[in-house]
Amino acid sequence: MATFIPDSELILNSDGSVFHLHLHPEDIADYVILVGDPDRAALVAGFFSKIETKAKNREFRTFTGLYNGQRVTVTSTGIGTDNIDIVVNELDAAVNIDLKTRTIKEQKRRLNLIRIGTSGALQANIPVGTPVVSEMAIGFDGMLNYYRDRSMVSNLAIESAFKQYMNWNPLLASPYFVKCSGNLIDRIGYDMRRGMTISAPGFYGPQGRVLRLPLQDTNINDKITAFEYEGKKITNYEMEGSAIAGLSLLMGHRAMTVCCVIAQRKAEAANTDYKPRIKELIQTVLNRI
């Protein structure tokens, strides 16, 4: 007998849509672009030849439409992996749980989740403006650790080596290392710089920035930049990709993240006029979906 999911665990709106995203199953395409900024969701939708669905609630803004005949959804997530926990769970619930009977469907839909964002480069040879595809997502956020099977989708060998190398502070969440979808990377990021990307739980201290407050580890970014595992180095920081990759693997979806570098941490340089590069990256991703 199928397990019934009570109202308190899967909250639905009065129209039957999932609680935060305000979406129904038919509103969601197989390809879902995830962006942080609600205005960037509108920017992506501006490329669509036809818009079928619009939904908005708080920082979550969704459009589903057609691009070159391909049905595509774009959803804004806001900032942080806590929001990603909401977005990915609700996208999955909408397509893989029968919202009327509140039971998990036998036949599952596989979504393709593609995050387009911005990031800060940690290696000196990655200039501002470079799109970096995450082959490995590294979660400093700890979100995936709340789910029982996190170790089944994590690379425990790299995780152990990294924690030992960093002399990882036990006061911090244990980091996790999750592989992104090779299928999506080969399809969309085949000619882009690839690397290992950290998702930090904040923009300032958690990414080694110092304003008025001193850091627990003043050398954290130097150590991260120097870390190497089987010839691969950590390339950049952002704030959502690890949870997207981890939850997608646990749920059977495909996921990848590509970020335009807008800050060069080694060179202490940044470009706030990055919107033309983001627009170019969006169109590249849409053309390759």
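The values are calculated or read from the model by the stated rules, or taken from the named source; none is laboratory data. Keep in mind that this is a model prediction, so the values were computed, not measured. Counting neighbours? That spans all protein chains shown, and the Cβs are built from the backbone with ideal geometry, glycine included. In case anyone asks, the SASA skips ligands and DNA or RNA and just uses the protein heavy atoms, side chains included. Shrake-Rupley method; radii C 1.70, N 1.55, O 1.52, S 1.80 Å.
Observations on the model:
- Qualifying residue in the range 208-228 (condition: at pLDDT 95 or above and assigned to a strand (DSSP E or B)): yes
- Test: Glu26 is of a type outside the set (Gly, Ala, Ser), in a helix (DSSP H, G or I) and surrounded by fewer than 17 Cβ atoms within 10 Å (Cβ to Cβ): yes
- Going through (1) open to solvent by 70 Å² or more (accessible area, probe 1.4 Å); (2) in a loop (DSSP other than H, G, I, E, B); (3) touching a strand residue (DSSP E or B) at 6+ places or on another chain (Cβ under 9 Å) one by one, Ser8 falls short only on (3).
- Test result for Ile244, crowded, with 19+ Cβ neighbours inside 10 Å and under 17 Å from Ser151 (Cα atoms): yes
- All told, Thr272 meets the bar of being open to solvent by 10 Å² or more (accessible area, probe 1.4 Å), under 21 Å from Gly36 (Cβ atoms) and without any contact (Cβ under 8 Å) to a residue 24 or more places away in the chain.
Residue by residue, here is whether (1) in contact with a strand residue (DSSP E or B) (Cβ under 9 Å, 6 or more places away or on another chain); (2) open to solvent by 90 Å² or more (accessible area, probe 1.4 Å) holds:
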residue: Arg212; (1), (2): no, yes
residue: Asn219; (1), (2): no, no
residue: Thr225; (1), (2): yes, no
residue: Asn236; (1), (2): yes, no
residue: Met239; (1), (2): yes, no
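- Selection status of Asp149, out of contact with any strand residue (DSSP E or B) (no Cβ under 6 Å at 6 or more places or on another chain), open to solvent by 80 Å² or more (accessible area, probe 1.4 Å), modelled with pLDDT of 95 or more and farther than 24 Å from Asp217 by Cα: no
- Which numbered condition Tyr165 misses (of (1) touching a strand residue (DSSP E or B) at 6+ places or on another chain (Cβ under 8 Å); (2) open to solvent by 50 Å² or more (accessible area, probe 1.4 Å); (3) not β-branched (Val, Ile, Thr)): (1)
- Taking (1) surrounded by fewer than 21 Cβ atoms within 10 Å (Cβ to Cβ); (2) under 26 Å from Asp141 (Cα atoms) in turn, Asn112 satisfies each apart from (1).
- Considering each residue of the range 52-71 in turn, at least one proves to be surrounded by fewer than 16 Cβ atoms within 10 Å (Cβ to Cβ) and touching a residue at least 60 places away in the same chain (Cβ under 8 Å).
- Residue identified as out of contact with any His (no Cβ under 7 Å at 6 or more places or on another chain) and touching a residue at least 40 places away in the same chain (Cβ under 8 Å) among Ile86, Ile138: Ile138
- Of all residues in the range 194-202, one or more are surrounded by fewer than 16 Cβ atoms within 10 Å (Cβ to Cβ) and either aliphatic (A, V, I, L, M) or not in a strand (DSSP E or B) (or both).
- Test for Pro25: is it touching a Lys or Arg at 6+ places or on another chain (Cβ under 6 Å) and at negative phi: no
- Here Ala263 does not qualify as among the hydrophobic types (A, V, I, L, M, F, W, C), open to solvent by 40 Å² or more (accessible area, probe 1.4 Å), over 12 Å from the mean Cα position of the chain (by Cα) and on the phi < 0 side of the Ramachandran plot.
- On inspection, Leu34 passes the criterion of being at pLDDT 95 or above, part of a strand (DSSP E or B) and open to solvent by less than 20 Å² (accessible area, probe 1.4 Å).
- Where Phe177 falls short, out of the listed (1) over 30 Å from Leu286 (Cβ atoms); (2) surrounded by 12 or more Cβ atoms within 10 Å (Cβ to Cβ): (1)
- Here the range 123-177 is the region considered, the condition is being more than 16 Å from Asp85 (Cα to Cα) and in a strand (DSSP E or B), and the residue that is nearest to the chain's Cα centre (by Cα) is Ser134.
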